[in-house]
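Asker: What follows is a structure written as structure tokens; I'll ask about it next.
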Amino acid sequence: MNVYEAVRSRRSVRGFLGQPVPAAALTRVISAALRAPSGGNLQPWRVYLLSGSPLEDLKSRVRHRIAAGDRGDPPPVRPYPAALPAIYAERLADMGQRRYGAVGVARDDDEGRARVRARNWECFGAPTALFCYLDEGMLAPQWMDAGIFLQSVMLLLRAEGLDSCPQIAWAEYHRTVAEVIRPPDGHVLACGMSIGYADPREPGPPMPRAPLPEIVTFLDG
Ligand SMILES: Cc1cc2nc3c(=O)[nH]c(=O)nc-3n(C[C@H](O)[C@H](O)[C@H](O)COP(=O)(O)O)c2cc1C
């Protein structure tokens, strides 16, 4: 698989087969992704990979919290700015419509949406999950580094026939994630990611992208 194929075939998969992820493939992917660039070569990411009983333990703890009506922890970082400029607010709304519409959940069906969202904390059935932490003192450039690392992981997973879903949703239960993972003090959960083999019965809605001229300006002499 070449890089274009990896980029084009990567999507956020929200339905996985239970088939385990081979440990050797995971090691190959993470080892190669550690080649990701970072400003000053800080390599600010701290990565945890959970499968088997630690992942079951985590899922079960969050499941119990949700069943008890617990709406989660105050997020360490807001997922979006409070005042989202209109163009981004429109894209966010469009994404929600496609995602929930694809599973027949209406815009005003809060309970249905919560039920679909809760699949996040079941890893959408994936047998493996990655959690990426950063030192809480890190700044925007290091968060960008972490994003580059995570995209490297997602593309390399494609080369192994594996799929993924990056999940900021795990930050909503970051205290429970920390209970299981026990990251070093002063570290903040930047992102989770479900990893596994896509369930072909759950293709998910294709998410469009803005056309190139809307995003890119070529300044040429
Ligand atoms: C940093 C980050 C966090 C995300 N968090 C979630 C999440 O918590 N749950 C989820 O289902 N998708 C999540 N996504 C997936 C986005 O919704 C998805 O990337 C976007 O809609 C484009 O779709 P695609 O990835 O299928 O191309 C996240 C993506 C990124 C990059």
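Asker: For segment 113-126, what are the residues that are on the phi < 0 side of the Ramachandran plot and buried (at least 20 other Cβ atoms within 10 Å of the Cβ)? Let's see the steps before the verdict.
Answerer: Here is the first cut: in segment 113-126, the ones on the phi < 0 side of the Ramachandran plot are 113-122, 126.
Residues satisfying the conditions are Trp121, Ala126.
Asker: Continuing with this model, one more query. With Arg182, Arg175, Arg158, Arg115 as the choices, which residue is touching a residue at least 12 places away in the same chain (Cβ under 8 Å) and within 24 Å of Gly72 (Cα to Cα)?
Answerer: Of the residues listed, the single one that is touching a residue at least 12 places away in the same chain (Cβ under 8 Å) and within 24 Å of Gly72 (Cα to Cα) is Arg175.
Asker: Among Ala146, Ala190, Ala126, Ala210, which is the only one that is closer than 18 Å to Arg14 by Cβ and within 12 Å of the ligand (Cβ to nearest atom)?
Answerer: Only one candidate passes the filter, namely Ala126.
Asker: Filter segment 97-106 for residues that are loosely packed, with under 15 Cβ neighbours inside 10 Å, more than 9 Å from the ligand (Cβ to nearest atom) and at negative phi and give the result.
Answerer: Correct list: Gln97, Gly101, Ala106.
Asker: Being more than 16 Å from the ligand (Cβ to nearest atom), in a loop (DSSP other than H, G, I, E, B) and closer than 21 Å to Gln142 by Cα is the filter here, so list the residues in segment 1-40 that pass it.
Answerer: Answer for segment 1-40, where residues must be more than 16 Å from the ligand (Cβ to nearest atom), in a loop (DSSP other than H, G, I, E, B) and closer than 21 Å to Gln142 by Cα: Leu34, Arg35, Pro37, Ser38.
Asker: Here's another thing I want to ask about it. Please count how many residues of segment 203-221 are part of a helix (DSSP H, G or I) and not charged (D, E, K, R).
Answerer: Number satisfying all stated conditions: 3.
Asker: Give segment 28-58 a look and list any residue that's of a type outside the set (A, V, I, L, M), within 15 Å of Gly125 (Cβ to Cβ) and surrounded by 17 or more Cβ atoms within 10 Å (Cβ to Cβ), or say none.
Answerer: Ser51
Asker: For residues that are within 12 Å of the ligand (Cβ to nearest atom) and farther than 26 Å from Arg8 by Cα, tally how many sit in segment 161-187.
Answerer: Qualifying residue count for the region: 3.
Asker: Looking at (1) within 21 Å of Val116 (Cβ to Cβ); (2) in contact (Cβ under 8 Å) with a residue 60 or more places away in the chain; (3) hydroxyl-bearing (Ser, Thr, Tyr), which one does Tyr48 not meet, given that it meets all the others?
Answerer: (1)
No lab work stands behind these numbers, since they all come straight from the coordinates. Everything numeric in this text was worked out from a predicted model, so none of it was measured. A quick note on method: Cβ atoms are made from the backbone with ideal geometry, for glycine too, and the neighbour counts reach across all protein chains shown.
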